[in-house]
Structure formats: C-alpha cells, structure tokens
Amino acid sequence: MIALDASAFLAFLFREDGHEKVGAILERACLSAVNLTEVVGRFVQDGHDAFHVLQRIINVPLEIVLFGPAEAAWAASLIPRTRRLGLSLGDRACLGLAMARRISALTADRNWLKLDLGVKIEVIR
C-alpha cells in the first residue's frame, strides 16, 4: 500500500510527466479524503460539476481514507516539522496517512524529499 498525494493523482489524471508511475501502483494506493477534495476542486476550477467528477473518481481502483479525529491529529502533528517547507493541509494529510499506516507516500513535490519523517517518500518525476 502507498499513500497518494493529490499532486501525483492529478498528474495521473491529466497524463502529465510521471503518470505511468502512478498508474502502476494505483490498485495498491490509498488517498486521503482531504487529497480527494483537492483533486475534485481542481476539476471544479475548470468548470466541472464536483459530484460528476467524484462519481468518475470513485470508479478508480484506490482506497479513499476518511479524515477523522485521528487523521487530523496526525496531520496537525506534522506542522512543526513541515512549516519551513510550507506544506499544506493536504500535504500533511497524505504524509500523516503514510505515517499512521507505516507505508510510503507518492507525490510530485520534490520538496518532500527534504523531510525525515520515518516513512519513505517517492516522487513521480
């Protein structure tokens, strides 16, 4: 299992550089509901209906992980360690998911490689 960042999933959906790497792991990937919000929001910015986009994404073979109190605590606990890099709530949600499950995180953000969080961080490009 691998935690998928919104940046990596969007690269897959838009067939950007690195999309092949995401496609290869998609069936064993999980995505935080926070990152799902970012992905759907990107399509809404282009004028798409959020619920139509959600219906299409639900058909993709990956696990959507709800963002509850424990996930909120994981993401919040990363603020001091990620502040210098300016990571967003979505970034911390993905990393927190990886830490909670002791799995790798996959992103398009090379800046994450500067972090030492005890989980493997992989970049798609």
Original post:
What number of residues in region 71-85 are surrounded by 14 or more Cβ atoms within 10 Å (Cβ to Cβ), part of a helix (DSSP H, G or I) and of a type in the set (A, V, I, L, M)?
Top reply: 2
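Within the group Arg15, Arg83, which residue is more than 15 Å from the chain's Cα centre (by Cα) and closer than 19 Å to Arg125 by Cα?
Values: Arg83 fails: closer than 19 Å to Arg125 by Cα.
After ruling out the rest, the residue left standing is Arg15.
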Original post:
Taking the stated definitions as given, is Thr37 part of a helix (DSSP H, G or I), free of Cβ contacts under 8 Å to residues at least 40 places away in the same chain and in contact with a helix residue (DSSP H, G or I) (Cβ under 9 Å, 6 or more places away or on another chain)?
Top reply: no
Subject >> region 86-118: number of residues that are in a loop (DSSP other than H, G, I, E, B) and touching a residue at least 40 places away in the same chain (Cβ under 8 Å) >> reply: 3
**OP:** Quickly run through region 1-34 and pick out the residues that are assigned to a helix (DSSP H, G or I) and either touching a Cys at 6+ places or on another chain (Cβ under 7 Å) or among the charged types (D, E, K, R) (or both).
**Re:** Glu20, Lys21, Glu27, Arg28
Subject >> Among the candidates Leu54, Leu85, residue that is modelled with pLDDT of 95 or more, touching a helix residue (DSSP H, G or I) at 6+ places or on another chain (Cβ under 8 Å) and over 16 Å from Ala6 (Cα atoms) >> reply: Leu85
Original post:
Here are Val60, Val44: which of them is surrounded by 11 or more Cβ atoms within 10 Å (Cβ to Cβ) and in a helix (DSSP H, G or I)?
Top reply: Val44
**OP:** Could you tell me which numbered condition Val53 fails, if it satisfies all but one of (1) surrounded by 18 or more Cβ atoms within 10 Å (Cβ to Cβ); (2) under 16 Å from the mean Cα position of the chain (by Cα); (3) not in a strand (DSSP E or B)?
**Re:** (2)
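Take the residues of region 17-26 that are under 13 Å from Ala108 (Cα atoms) and touching a residue at least 60 places away in the same chain (Cβ under 8 Å): which is surrounded by the fewest Cβ atoms within 10 Å (Cβ to Cβ)? Reasoning before the result, please.
Filtering region 17-26 down to residues under 13 Å from Ala108 (Cα atoms) leaves 17-22.
Still in the list and also touching a residue at least 60 places away in the same chain (Cβ under 8 Å): 17-19, 21-22.
Values: Asp17: 10, Gly18: 18, His19: 19, Lys21: 18, Val22: 24.
Per the criteria, the residue is Asp17.
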**OP:** Could you check Pro61 against (1) touching a helix residue (DSSP H, G or I) at 6+ places or on another chain (Cβ under 9 Å); (2) at pLDDT 95 or above and say which number it fails?
**Re:** (2)
Original post:
Within region 40-85, how many residues turn out to be farther than 30 Å from Lys114 by Cβ and touching a residue at least 40 places away in the same chain (Cβ under 8 Å)?
Top reply: 0
Original post:
Out of curiosity, is Ile124 in contact (Cβ under 8 Å) with a residue 60 or more places away in the chain and surrounded by 15 or more Cβ atoms within 10 Å (Cβ to Cβ)?
Top reply: yes
Original post:
Failed condition for Phe67, given (1) in a helix (DSSP H, G or I); (2) more than 12 Å from the chain's Cα centre (by Cα), with all others met?
Top reply: (1)
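The values are calculated or read from the model by the stated rules, or taken from the named source; none is laboratory data. Just so you know, these numbers come straight off a predicted model, no measurement behind them. We place every Cβ from the backbone using ideal geometry, glycine too, and count neighbours over all the protein chains shown.
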